[in-house]
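Asks: Just passing along the structure, written as structure tokens.
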Amino acid sequence: MSQSLVITLREGLEAALIIAIILAYLRRVDYPSGIPAVWWGVAGAVVMSLAAAGLIFALGTALEGRAEEVFEGVAMLLAVAVLAWMVVWMKHEARHVKGRLEARVQAALHGGSTVALASLAFVAVGREGLETALFLFAASKTATPLATLAGAIAGLSVAVVLGIAFARGSRLLDLKAFFNVTGVLLIFIAAGLLARGIHELQEAMDEQGRLQDEIEAAGAW
């Protein structure tokens with residue numbers, strides 16, 4: 001539960017902050033008519049993320065034996081790589097996120113296209129959603145499905161509350177400290193997933209070796 005909570009809290013708050021920055025900029029430049037387009041982009045990103053999560057979990061459930069072990073092992077190692085990249089990227093690029101987002105919003109406004117605004121929100125939030133889907137699948141292999149679901153719901157709920165508070169001007173949360181602490185926690189989570197992923201792939205290789213031995217033994221007969 002703790003892994004899925006940390007993952008969804010971190011990813012959910014990142015998505016919420018992105019939305020808050022875009023909406024705040026639209027209000028600052030007096031362009032409220034673009035706000036619905038942003039929410040349409042967010043809605044599309046949520047649907048796409050849920051579909052991706054459903055596909056990943058469905059594949060993981062449908063596969064059996066060696067194929068399942070390989071799929072889970074690769075998914076865990078991929079999650080580790082993305083987690084590591086995310087922590088490093090946030091450490092070095094966090095200070096530039098707001099400015100770059102506002103520049104993209106301004107470019108969309110200059111083009112006069114609400115589709116561009118919706119696409120901006122869709123891509124920004126969708127990226128977080130896809131990462132979350134992958135992380136949750138990997139984390140679900142180290143906890144029960146109920147614990148994973150409970151942690152995910154709790155993390156997203158807190159992220160939404162914090163995002164709303166941030167959008168309304170609250171500074172109750174020290175964002176720098178939050179991302180530093182969750183970054184450390186994610187490193188520990190990544191280490192656990194790395195060990196589990198290697199174990200799954202090793203199991204798949206061992207099973208392949210056993211199958212090969214059985215085939216050779218049958219041929220000898």
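The values are calculated or read from the model by the stated rules, or taken from the named source; none is laboratory data. This structure is a prediction, so every number in the text was calculated from the model and none was measured. Quick reminder, even Gly has a Cβ in these numbers, built from the backbone with ideal geometry, and neighbours come from all protein chains shown. Please note that ligands, DNA and RNA were not included when accessible areas were found on the heavy atoms of the full protein model with its side chains. Shrake-Rupley method; radii C 1.70, N 1.55, O 1.52, S 1.80 Å.
Asks: Taking into account only those residues within region 62-81 that are touching an Asp or Glu at 6+ places or on another chain (Cβ under 9 Å) and surrounded by fewer than 16 Cβ atoms within 10 Å (Cβ to Cβ), which is nearest to ILE187 (Cα to Cα)?
Replies: VAL74
Asks: Would you mind finding the one in VAL87, VAL70, VAL105, VAL74 that is within 20 Å of ARG10 (Cβ to Cβ) and assigned to a helix (DSSP H, G or I)?
Replies: VAL87
Asks: Next question. Got at least one residue in region 115-122 being closer than 16 Å to ALA52 by Cβ and either touching a residue at least 12 places away in the same chain (Cβ under 8 Å) or open to solvent by 30 Å² or more (accessible area, probe 1.4 Å) (or both)?
Replies: yes
Asks: Looking at region 12-30, I want the residues that are closer than 17 Å to ALA118 by Cβ and have a partner that is open to solvent by 10 Å² or more (accessible area, probe 1.4 Å) and of a type in the set (Val, Ile, Thr) with Cβ atoms under 7 Å, at least 6 apart or on another chain. Which pairs are those?
Replies: That search, which allows pairs on different chains as well, returns ALA15/VAL125; ILE18/VAL125; ILE19/VAL42; ILE19/VAL125; LEU23/ILE35; LEU26/ILE35.
Asks: Any residue in region 54-67 that's aromatic (Phe, Trp, Tyr): show its pairings with residues that are assigned to a helix (DSSP H, G or I) at Cβ separation under 8 Å, as long as the two are six or more apart or on different chains.
Replies: PHE57/PHE137; PHE57/SER140
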